[in-house]
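One structure is given here, and the rest of the page talks about it.
The values are calculated or read from the model by the stated rules, or taken from the named source; none is laboratory data. None of the values given here were measured: they were computed from a predicted structure. Heads up, the Cβs are rebuilt from the backbone with ideal geometry, glycines too, and the neighbour counts pull from every protein chain shown. Surface areas here come from the heavy atoms of the whole protein model, side chains and all, with no ligands, DNA or RNA. Shrake-Rupley method; radii C 1.70, N 1.55, O 1.52, S 1.80 Å.
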Amino acid sequence: MNHFEVFGLERRLGIDAEALQRRFYELSRRHHPDFHAGATPGEQAEALEASARLNAAYRTLRDPIARIDYLVRLEEGRETNEGATDKPKAPPALLAEMFEIQEALAEAKSGGLDEPARRTLAEERGRLLARQGEEEARLTGPLSAAWDTATPAGRPAILAAFKQALATRAYLRTVIEDLGQALGDGDEIVAHHRH
Amino acid sequence: MTETRLSRIIGIDLGTTNSLVAYVDEATGLPRVIADREGRMLLPSVVAFTPEGILVGEAARRQLVRRPQSTVYSVKRFMGRDYEDVKDELRYFPFAIRPADGIVKLDVGGRQVTPPEVSAVVLKALKERAEAHFKEPMEKAVVTVPAYFNDSQRQATRDAGRIAGLDVVRIVNEPTAASLAYGLHRLSEGVIAVYDLGGGTFDISILRVKDGIFEVLATNGNTHLGGDDFDRVIMLWLLEDIQCRHHAEIVRSGLDLARDGEAMQELRLAAEAAKIRLSTEERTRLTIPFADFTYHQDITRADVERLIEPLVARTLEPCRRALADAGLRREQIDQVVLVGGSTRVPLVRRRVEELFGRTAHSHLNPDEVVALGAAVQAQILAGGITDMLLLDVTPLSLGIETLGGIVSILIPRNTTIPTSAREMFTTSVDGQTVVDLHVVQGERELAKDCRSLARFELRGIDPMPAGLPKIEVTFLIDANGILQVAAKELRTGKAASIEVKPTYGLSETDVERMVEESFQYAEADVNARLLIEARNEADTVLTHVRRALGQGSHLLAEEERRGITSALEELEQARAAQDRDLIRDKTTALNHATEHLAELMMDAALKGALGSKRAAEIMESQ
């Protein structure tokens, strides 16, 4: 049973968050082991499994991005559990663009981060955050809407677009995190000086 | 559907400092704490291993100063812990703690015990308290643990239950238990933050409470931060002050305060008492008598706040992280609830209110609310409450160690439980029949920085070329937050033959042996307690009679004096032996033999009083 089936939903991305939560609470009342404490060991094991499946489905579907990621894997027939995903490949154009930032980062990591360099990195990080936001808005907005209205023939193209956008976002996140770490360490030192 | 009456389940708060047992009253539907015969709700989580037997609770607490080496307190700090985890704080404990194969053991009263065995003594006392209340055997319990307890700490708690003869049907997180108690009273709806600072542990949990569902959104904490640590910094400050101000006396007497278990225990208790008084008063005076001098000190609330401020600050970062994990800003929190005795400290309340930008409340007694919530959860499991459901989360990410010691996360922190993850494994050498798995819990990237939960061996794999076996391993975290691991070989379909074997912790055999030993103690413990009580009574009478003889033997005829002396000697002999009935009889006999002496002395005292009054009158008239 896939995550959409657990909630009795079609493979559509437009999901009403409040309705999903209501349904999650209803199904929890049905499956949660607490309400089967007096049942046979077999029934208890079933409740445990159903409850674990429900929790996993809710965790994925309530998050619009995780929902898309899951849908892509489902459509490609490689539905695995969380944690077992392959690292997506970043688009080549983006890699080239990031080359300079990566260099500055490497420098920062090896110890040298003066004030102008820090400012540049912080600005870069802000720009990338905005770009990540755009990518997410595109994923959850027009692309998701396109999926829900697409004909079967139109779906492969949307799936490809999803994959591209997801890979871009994942790559952006990694760079943003690295930048944050490089800057974050510095921030702490500044704070210490102030005291 | 026919209603089947399920057996009664009690709710237990197994605390660092105090423990309680509660149940839901069928008539009112409300949870109640069960008191002991003296009407006390709190059972001090203290266990004394004396030559006469095991004492627990208030009786054990009284042994803290008398027998520091064999009286165990705050054992919760050692539950499910490895020696490495706790070695830095061992010097603050007067009893000996040794490493023992992934756990620790305590050397107390010539006996070696594990932390679950010590906790079992506390649990058993609560079980007996409930049995005395209901006049029927109690076999099932819900036991609370800090939300931030890891798998080993939870397992250790469940083992403690088994050793005490209790089936722990559910481990519940303390802050969420508290939210159930509040929820039952309809005191909370919306998004609530539960700030729980107890004797030794700190938790913050953020929940959404809606239509009877208690959904935990995020939890964070520190299992080694609590009121004990407040006491410790106050104690160390006092120690320094004493060593400074009474330097001369200390040098003269050759006393090494820091290494004197009794003195340190005395100081710790004084520090605790001062902290408690300063929660309601602005200043207090401490008086601690030592052998060669008496220490006096005036302490203000400001002094204590200055000392504990860094500790209180350490609770705030987990709060911010929990908010971030829940995806909430502080303005989105509807209520802040304070749980745990340490939230009575005014500075704690102040800092929490500043952090969340709103008033925090504790309408329900912070000492009792966790036990009350445990009783509510027990009633849910017993089928007595059907409109409330707790959806809790796993506090720490669960992962496995992969090549190069890197952790691959299978279940991220704050995932709603129960939850499961599947992962494929294979062999790396031709003909390999065993695969090792290292499961860790924590948020760090390298396995060595996380808490090692268990090393599992997958055994019984058919010999095949390397890489050919496909072993699917399922990691399931149940509603207790405890991990279950199952494995099957997909290629050969040999599901049952893959054995999953944890390689350390308390084994099933260990626990069974402890269960057996525990039942052996049980009867000995009751006898020991009665014997100690008889001896204490004998001591009281002996002291009085010796003093009376010293002061008033001239009032007695020779024959009567001999009678008393021989009764006294008989009691002394009886006291040295083990027969408590004989001690009782001889105590009564001695009491009886001295009744006349007591009367004579009373008369003499009255006359003496008149005599001195006359003397006073004479002096006045002069």
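Observations
- Residue within the range B:350-362 that is at the interface with chain A (Cβ under 10 Å from one of its Cβ atoms) and under 18 Å from residue B:319 (Cα atoms) present: no
- For the range B:385-397, the candidate set comprises residues that are farther than 20 Å from residue B:168 by Cβ and open to solvent by 10 Å² or more (accessible area, probe 1.4 Å); within that set, the residue that is farthest from the other protein chains (Cβ to nearest Cβ) is B:396.
- Listed by first and then second residue, the pairs with beta-carbon distance under 7 Å, at least 6 apart or on different chains, first residue in the range A:1-28 and farther than 18 Å from residue A:66 by Cβ, second surrounded by fewer than 18 Cβ atoms within 10 Å (Cβ to Cβ) and among the acidic types (Asp, Glu), are A:25/B:211.
- Of all residues in the range B:441-465, those satisfying the criterion of being surrounded by 13 or more Cβ atoms within 10 Å (Cβ to Cβ) and more than 12 Å from residue B:399 (Cβ to Cβ) are B:454, B:455, B:456, B:457, B:458, B:459, B:460, B:461, B:462, B:464.
- Checked against (1) open to solvent by 20 Å² or more (accessible area, probe 1.4 Å); (2) over 24 Å from residue B:236 (Cβ atoms); (3) touching a Gly at 6+ places or on another chain (Cβ under 9 Å), residue B:94 passes all but condition (2).
- Being open to solvent by less than 20 Å² (accessible area, probe 1.4 Å) and assigned to a helix (DSSP H, G or I) holds for only one residue in B:89, B:128, B:84, B:117, and it is B:89.
- Count of the range B:353-379 residues which are surrounded by fewer than 24 Cβ atoms within 10 Å (Cβ to Cβ) and assigned to a helix (DSSP H, G or I): 4
- Restricting attention to the range A:7-34, the residues being within 13 Å of chain B (Cβ to nearest Cβ) and open to solvent by 50 Å² or more (accessible area, probe 1.4 Å) number 8.
- Inclusion of residue B:382 among residues that are among the aliphatic types (A, V, I, L, M), under 28 Å from residue B:12 (Cα atoms) and open to solvent by 10 Å² or more (accessible area, probe 1.4 Å) is warranted.
- The test for being touching a His at 6+ places or on another chain (Cβ under 6 Å), assigned to a helix (DSSP H, G or I) and either open to solvent by less than 80 Å² (accessible area, probe 1.4 Å) or in contact (Cβ under 8 Å) with a residue 40 or more places away in the chain (or both) holds for residue A:50.
- Leading residue by the ranking (nearest to residue A:160 (Cα to Cα)) among those in the range A:53-72 that are more than 10 Å from every other protein chain (Cβ to nearest Cβ) and open to solvent by 50 Å² or more (accessible area, probe 1.4 Å): A:69
- Single condition residue B:244 does not satisfy, out of (1) over 29 Å from the mean Cα position of the chain (by Cα); (2) among the hydrophobic types (A, V, I, L, M, F, W, C); (3) surrounded by 16 or more Cβ atoms within 10 Å (Cβ to Cβ): (3)
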